[in-house]
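Okay, so here's the structure we're looking at.
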Amino acid sequence: QVQLVESGGGSVQAGGSLRLSCAASGRTVKTYAMGWFRQAPGKEREFVAAVTWNDGSTYYADSVKGRFTISRDNAKNTVYLQMNTLKPDDTAVYYCAANQKFWGATVKSEYDYWGQGTQVTVSS
């Protein structure tokens, strides 16, 4: 089992920045990738960004490329999502997730463990 705890959400005006953190504990040794997903009211949960644990390869949704940066600290078992130039469309609950299947870093259904989520609200 892997436990994930997100932090860093909040409210910000358009153009502002936030940094989300996700601390992983438990059987993290088998983790292939850590990802961030988000779900806005009335919408499906969607992929935002992912990083592979061993080599640090990163993946981004087109909607956040150039604005969001995912990074990891292996020693702390923590993944971060730096979000800059935020837009009202970025408003959602952001979820951290862990993938132990060794493929599908951008595929929601391939993630095994999920955090509780943290709210991000961007006002215009």
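May I ask you to list the residues in region 2-19 that are open to solvent by 40 Å² or more (accessible area, probe 1.4 Å), closer than 17 Å to Tyr95 by Cα and not small (Gly, Ala, Ser)?
Narrowing region 2-19 to residues open to solvent by 40 Å² or more (accessible area, probe 1.4 Å): 3, 5, 7, 11, 13-15, 17, 19.
Now drop any that are not closer than 17 Å to Tyr95 by Cα, which leaves 3, 5, 7, 11, 19.
Scanning region 2-19 gives Gln3, Val5, Arg19.
For (1) of a type in the set (Gly, Ala, Ser); (2) under 25 Å from Thr121 (Cβ atoms), each residue gets a yes or a no:
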{"position": "Gly10", "(1), (2)": "yes, yes"}
{"position": "Thr31", "(1), (2)": "no, no"}
{"position": "Ala61", "(1), (2)": "yes, yes"}
{"position": "Arg72", "(1), (2)": "no, no"}
{"position": "Gly104", "(1), (2)": "yes, no"}
query = So, in region 20-30, of the ones that are out of contact with any helix residue (DSSP H, G or I) (no Cβ under 8 Å at 6 or more places or on another chain) and open to solvent by 10 Å² or more (accessible area, probe 1.4 Å), which residue ends up nearest to Asn77 (Cα to Cα)?
reply = Ala24
inquiry  = Of the conditions (1) open to solvent by 40 Å² or more (accessible area, probe 1.4 Å); (2) touching a residue at least 60 places away in the same chain (Cβ under 8 Å); (3) out of contact with any helix residue (DSSP H, G or I) (no Cβ under 8 Å at 6 or more places or on another chain), Lys101 satisfies every one except a single condition; which number is it?
reply    = (3)
note = Restricting region 31-45 to residues that are small (Gly, Ala, Ser) and crowded, with 23+ Cβ neighbours inside 10 Å, the one farthest from the chain's Cα centre (by Cα) turns out to be Ala33
message = Show the residue pairs meeting these rules: Cβ distance below 6 Å; 6+ apart or different chains; first residue within region 53-75 and open to solvent by less than 80 Å² (accessible area, probe 1.4 Å); second residue not in a strand (DSSP E or B).
response = Trp53/Thr31; Arg67/Asn84; Arg67/Thr85
key: Qualifying positions in region 12-27 - farther than 17 Å from Gln116 by Cβ, more than 15 Å from the chain's Cα centre (by Cα) and in a strand (DSSP E or B)   = Val12, Gln13
query = Of all residues in region 78-98, how many are crowded, with 18+ Cβ neighbours inside 10 Å and over 14 Å from the mean Cα position of the chain (by Cα)?
reply = 1
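The values are calculated or read from the model by the stated rules, or taken from the named source; none is laboratory data. Note that this is a predicted model, so its numbers are computed, not measured. Here the Cβ is made from the backbone with ideal geometry for all residues, glycine too, and neighbour counts use every protein chain on show. Surface accessibility is based on the protein's heavy atoms, side chains included, excluding ligands, DNA and RNA. Shrake-Rupley method; radii C 1.70, N 1.55, O 1.52, S 1.80 Å.
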